[in-house]
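Down below is the structure, laid out as structure tokens.
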Amino acid sequence: MFNVILFGPPGSGKGTQSEKLMEKYGLKHLSTGDLLRSEISKKTPLGIEARNFMDKGQLVPDEVVIGMISSLLDNNKEATGFLFDGFPRTSAQAEALDRLLELKNSCISVMIALEVSEKELIHRLVQRGKTSGRADDDNENVIRARIVEYKTKTAAVADYYRKFNKVVEVKGEGSVEEIFEALCKQIEKHSDC
Ligand code: AP5
């Protein structure tokens, strides 16, 4: 299996690039943000719980997202590889993901970290907030809170994968096509698990 983590702060382009990567490489896209928003729109108990955190720009508790990913891995047994977008976001999530993949005799092939300045992140999210309808984009304080969560809880996840020599950094500023090409180059340098 070929499993990629597309990593980076809010607004770094994970969702935009994931769409293109899953099409090119036939990977199953797992975005915890999209999954949680779908639960919110269906007003499920999980969605109602998650919303309290997401609207404030805070991370949803680990057990909620780990449970969601675990059932998705089980429900996609035929997948030849996964593209993780927005997961793992804490060290506990990274450790849980490794254990889940191990059960499939698999592992993370590479983590690609998109690097974008904070000024550009805020600009992109404020712009998107004008039309997206995403509650966590329409207020700059919440956007800043998401970036603080990233710095304090999520950035360390890259250190976890660095220990296994699995992290590559890619500049996330420039045109979507330029960034996509840089990501493809990195993906093609790495092999399956
Ligand atoms: P999530 O949905 O994962 O959002 P995020 O990480 O905050 O990221 P975004 O979707 O805002 O940005 P992105 O990096 O995907 O960039 P995008 O391509 O969209 O998470 C939302 C919330 O859910 C979290 O805050 C948390 O509460 C909860 N959650 C999710 N996963 C969790 C987990 N594992 N654990 C706990 N809680 C979790 O692009 C952004 C904008 O920039 C777009 O408008 C796009 O058009 C534009 N753009 C993209 N590329 C470029 C470019 N090259 N140049 C100019 N503009 C660009």
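The values are calculated or read from the model by the stated rules, or taken from the named source; none is laboratory data. These numbers were taken from a predicted model, which means no experiment stands behind them. Quick reminder, even Gly has a Cβ in these numbers, built from the backbone with ideal geometry, and neighbours come from all protein chains shown. Calculation scope for accessible area: heavy atoms of the full protein, side chains included, ligands and nucleic acids excluded. Shrake-Rupley method; radii C 1.70, N 1.55, O 1.52, S 1.80 Å.
Assorted remarks:
- Residue that is surrounded by the fewest Cβ atoms within 10 Å (Cβ to Cβ) [pool: residues in the range 53-80 that are small (G, A, S) and in contact with a Lys or Arg (Cβ under 7 Å, 6 or more places away or on another chain)]: A79
- Count of the range 1-39 residues which are among the hydroxyl-bearing types (S, T, Y), more than 6 Å from the ligand (Cβ to nearest atom) and in contact with a Phe, Trp or Tyr (Cβ under 6 Å, 6 or more places away or on another chain): 0
- When residues of the range 88-125 are limited to those that are among the small types (G, A, S) and away from the ligand (no atom under 13 Å from the Cβ), the one nearest to the chain's Cα centre (by Cα): S109
- Every pair of residues 6+ apart whose Cβ atoms lie under 9 Å, when the first sits in the range 158-179 and is farther than 13 Å from I5 by Cα while the second is away from the ligand (no atom under 15 Å from the Cβ) and not in a helix (DSSP H, G or I): D159/V167; F164/C107
- Whichever residue in the range 144-167 is surrounded by fewer than 16 Cβ atoms within 10 Å (Cβ to Cβ) and among the β-branched types (V, I, T) and, among such residues, is nearest to I108 (Cα to Cα): T152
- Of all residues making up the range 82-106, the number that are modelled with pLDDT under 95 and either in contact with a Leu (Cβ under 8 Å, 6 or more places away or on another chain) or buried (at least 22 other Cβ atoms within 10 Å of the Cβ) (or both): 1
- Each residue in the range 122-143 was checked for being of a type in the set (A, V, I, L, M) and either in contact with a Phe, Trp or Tyr (Cβ under 9 Å, 6 or more places away or on another chain) or open to solvent by 70 Å² or more (accessible area, probe 1.4 Å) (or both), and 0 pass.
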